[in-house]
Amino acid sequence: MSEQPTEPTTQAGEAEPATEAPKVEDLQALIAELENDRDKYKSLAKKEEATKKEHWNRLQEIERANLSETEKAILEAEERGKSAAQAEFESQLRQARLEAAAATAGVPDEVLSLLDPSKVFTDDGEPNIELLASLSGTKRKFEKSASDLKIGAQSNANAGQLTRADLQRMSPPEIMKAKEEGRLDALMRGQL
């Protein structure tokens with residue numbers, strides 16, 4: 001009887017080397033290296049994008065310099081028309097985006113109509129979903145009113161004032177606090 005090899009063999013009959021499981025340290029080092037490479041390539045991509053944008057702007061300047069007077073006038077008229085149309089529909093677009101975000105956050109229509117759109121958008125031009133969610137009415141109605149959050153009409157003398165219906169839902173300490181804050185003034189003057 002012939003002896004059988006104890007190690008696996010390849011097609012040519014050579015023994016395969018036994019493979020070891022990779023060590024955790026090796027894998028962590030590989031991950032760190034890959035993360036460094038990713039960061040390097042992101043940085044390079046940003047630089048390339050900036051260079052591309054700079055070259056595009058220079059090309060546009062050269063093309064404008066080579067335009068005839070008539071072509072320049074047409075281009076300027078197109079730009080004025082585009083900016084006029086954009087200015088005309090900007091407020092409608094912002095209002096539509098605000099309404100969509102308010103519907104997503106569950107803000108009632110009567111609350112939405114009181115909001116000042118210029119104070120509801122973030123710096124990047126997106127509606128502030130967290131702010132809208134605080135007005136959604138899932139808690140007590142108007143736990144914080146639009147004027148309390150400084151996003152509603154600020155000229156309304158009754159802004160933030162409580163009604164008799166609000167008082168019925170409040171405890172005596174809450175009523176006293178509201179009185180100290182001046183949120184019962186309109187009710188006490190008989191305006192509400």
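From the gyration tensor of the Cα coordinates in the stretch 35-86, what semi-axes in whole Å does the equivalent ellipsoid have, largest first, with each one equal to sqrt(5λ)?
Numbers: eigenvalues 263, 46, 3 Å².
One finds semi-axes of 36, 15, 4 Å for the stretch 35-86.
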Over the Cα atoms of the stretch 37-133, compute the convex hull volume and normalise it per residue, giving Å³. 138
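Read-outs throughout are calculated quantities, based only on the coordinates presented, and are distinct from any laboratory measurement. The structure presented is a predicted model; accordingly, all values stated were derived computationally and were not measured.
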